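Q: Below are the C-alpha cells for one structure; questions will follow.
Read-outs: derived from the displayed coordinates by stated rules, not from any lab. No experiment lies behind these values; they were computed from the predicted model shown. FYI the Cβ positions are ideal-geometry reconstructions off the backbone, even for glycines, and counts take in every protein chain you see.
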Amino acid sequence: MKKYDAIIIGFGQGARTLATKLTANEWNVALIEKNEWMYGGSCVNIGCIPTKILEHDAREQKDYATALKRKNDVTKRNRNTEFTSMQKNERVDLYTGTGAFKSNHIITVDLGDKKEELEAEYIFIDTGSESNYPPIEGIKETRGIYNSTELQTLPEVPKNLGIIGAGNIGLEFASIYEMFGSKVTLFETGEQFMPKEEREVAEAVQKVLTDKAIDIQLNARVNKLSNENEQVKIETEEDDSFLFDAVLIATGRKPNTAYLNLDDTDIVMDEKGGIEVNDYLETAVEHVFALGDVRGGYQFTYITINDAKLIADYVLDKGDRKRSERQHVPYSIFMEPSFARVGLTETEAKDEGYQVLTNMAPVSGTTRSDVINDTRGLYKAVVNKETNEILGVTLFGDQAHELVNQVKMAMDNHIPYTYLRDQVVTHPVMSEIFNTLFDM
C-alpha cells in the first residue's frame, strides 16, 4: 500500500489548485481521475470554456463547423496543459482510474488491469457533478436525447431542438443554438419563466427570446419521450406533442458520488446527495474534505477554486477563512445578451424584513447602446433604505456578466449605493448605467 500526505479524488480546477498549493509546501500528493478526457475537470472540458467558445463564435456569426473545431482545439490544448502541469510536478502521482473509499483514509484505485490501495491522512473529494435526469418515460431508450456534454459533440446543428428545462443551462444552450440556426423550443414546468428572478427583468429576457422566435412552453410537464421515424417526440401531461431532431435534457446536475463507496466511511450526505461539510469544508471524518459541486449548493467553477484556497489555508495553517464568511456570490447566464445577478431580489429582500429602495434602468437609456446598436436589456437594483447598502442587482444586457462583479465588490465592502450613483467613469461605456440605476 502506497502512502501519501494527501489524496485528491477528481482532477478538477479545485484539485489542481489544491495540489499546487500542497506540493509547494512539500506534501506528496496522489491525484486520481477516472477519465483521461476530463483532466482539468468539467469547466475545461465540457462546461464553462467550451460552451462560452461556442457562444462567442455564434455571436460572431461563425459557422457551426468552424466554431466546433475551435472549441475542440482549445479544449484539447487546455486539457493537455492541465495534465502537463501535474505530470511535471515531482510531488504528484497521477492515477487514471476510479477511486473509491475502502475506509475513512484508504482509497482503492481501479486502474482497469489492476487495483491499487492508497492511504493518506488527508483526503480531498473533488468529483464534481453529473447530469440529473428526470423520471420521464422513454428517456433512456429514445434516440436523439442528449445532455449538455453530448449535444456539444454533434457534428451538425439540429434543425429543430427541444430543451427540457429553462434554467441556466437550458437558457444558455437555447441562445447558442438559436444563433447557429436551430429552431428552439424551451419546456418549463412552472407557470413563470425564470421564477426566482426579478419579474420585470425575467419578462425582458422572455421578450428577447420570443423576438428570436424561441418558443417558450410554460406549464409544460413532459411525461413521455419516444422516436417517430428519425425524430424525437415529446409528449406532455397537457396532451400536447412536439417533434424534434434532437432534445437536450437541461434539468440540472447532481453531486457525483455514486462510485465513491461512501457507505464504507463515516462521511455524511445530505438529503439531496451532497456531502455534508463544516465551515472549513471538512466532512464528518477528520481530515477528509469535500469541495465544489460534490458537496451540493452552488455549482460554479469559481466556487470550487475558492473552496480549494480556503481548504489549503486551513490545512497549511496560513489563514482562517470560513465558508460562512463568503459573501454575495454572483452568477451569470451567458446568453445573448447576457444575464447576471448578485444578492437579493426585491421580493426576497422584503421577505427578509428589509425596508427597500428600488430602481430600474433600461439599457436603451445609455449612450453605449447607440454605439453597439443594441438597446435590449434592463437593470434593476435593490437597496437597504436604512443603511444605503446595496442588497442586490439583477442585470440583463450588454456587459452584465462583467458589471455584476463591480456591484459585488461594493456589497462586500459595505459601500453605499450613492458611490456608484456619483462615480465618474469613462464615456461611452456600459458602466455609466450605474449612475442612472442608483439614482434613487
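Q: Are there GluC sites (Glu not before Pro) in segment 1-108 that DSSP marks as loop and that have at most 10 other Cβ atoms within 10 Å, and which are they?
A: Those that pass, being in a loop and sparsely packed, are E26, E60, E90.
Q: Computed FRET efficiency, Cβ-Cβ of D239 and K318, R0 41 Å: what is it to the nearest 0.05?
A: 0.10
Q: Shifting gears a bit: At 7 Å along the Cα-to-beta-carbon direction for both R221 and E325, put a label point, then send me their distance in nm to one decimal.
A: About 4.6 nm, to one decimal.
Q: Check which residues have an amide H placed less than 5 Å from R253's amide H, if you skip close sequence neighbours.
A: For R253, the qualifying residues are N132.
Q: When the label point is put 7 Å from the Cα of K212 along its Cα-to-beta-carbon vector, which residues of segment 320-342 have a backbone N closer than 16 Å?
A: Once the point is set 7 Å along Cα→Cβ of K212, 332-340 turn out to lie under 16 Å by backbone N, inside segment 320-342.
Q: Right, another one. For a quick check of your reading of the filter: which GluC sites (Glu not before Pro) in segment 181-238 sit in a DSSP loop and have no more than 15 other Cβ atoms within 10 Å?
A: Those satisfying the criteria are E191, E230, E237, E238.
Q: What residues qualify as long-range amide H neighbours of I7, i.e. H under 5 Å apart, gap of 5 or more or another chain, H built at 1.01 Å from N?
A: Answer set, sorted by chain and number: A30, Y122, I123, F124.
Q: Sequence neighbours fewer than 8 away in the same chain don't count; with that in mind, list the lysines whose C-alpha is under 17 Å from K34.
A: List returned: K102, K114, K115.
Q: Using label points projected 7 Å from each Cα along Cα→Cβ, tell me how many nm separate K114 and Q355, to one decimal.
A: About 7.3 nm, to one decimal.
Q: Remind me, relative contact order of the chain in percent, using alpha carbon pairs under 8 angstrom and six or more residues apart?
A: Reported relative contact order: 14 percent.
Q: Project the alpha carbons of the chain onto their principal axes and report the range along each, largest first, in whole Å.
A: 66, 61, 40
Q: Check each of the GluC sites (Glu not before Pro) in segment 349-407 and keep only those in coil by DSSP with at most 11 other C-beta atoms within 10 angstrom; list them in order. Don't skip to the end; give the middle numbers.
A: Values: sites: E352, E386, E389, E402; in loops: E352, E386.
Those satisfying the criteria are E352, E386.
Q: Amide H to amide H under 5 Å from I216: which residues, 5+ apart in sequence or cross-chain, H placed 1.01 Å off N in plane?
A: Hits under the 5 Å cutoff: L186.
Q: Moving to a separate point now. For the chain, what is the percent of antiparallel DSSP beta bridges, rounded to the nearest 5?
A: Rounded to the nearest five, the antiparallel share is 60 percent.
Q: Between N25 and K102, how high is the FRET efficiency from 1/(1 + (r/R0)^6) when r is the Cβ-Cβ distance and R₀ = 30 Å? Nearest 0.05.
A: Numbers: r = 27 Å, r/R0 = 0.90.
Using R0 = 30 Å, I get an efficiency of 0.65.
Q: Report the local net charge at R421: Lys and Arg +1, Asp and Glu -1, summed over other residues whose C-beta lies under 14 Å from its C-beta.
A: Working: positive: none; negative: E389, D422, E432, D439.
With Lys, Arg at +1 and Asp, Glu at -1, the neighbours total -4.
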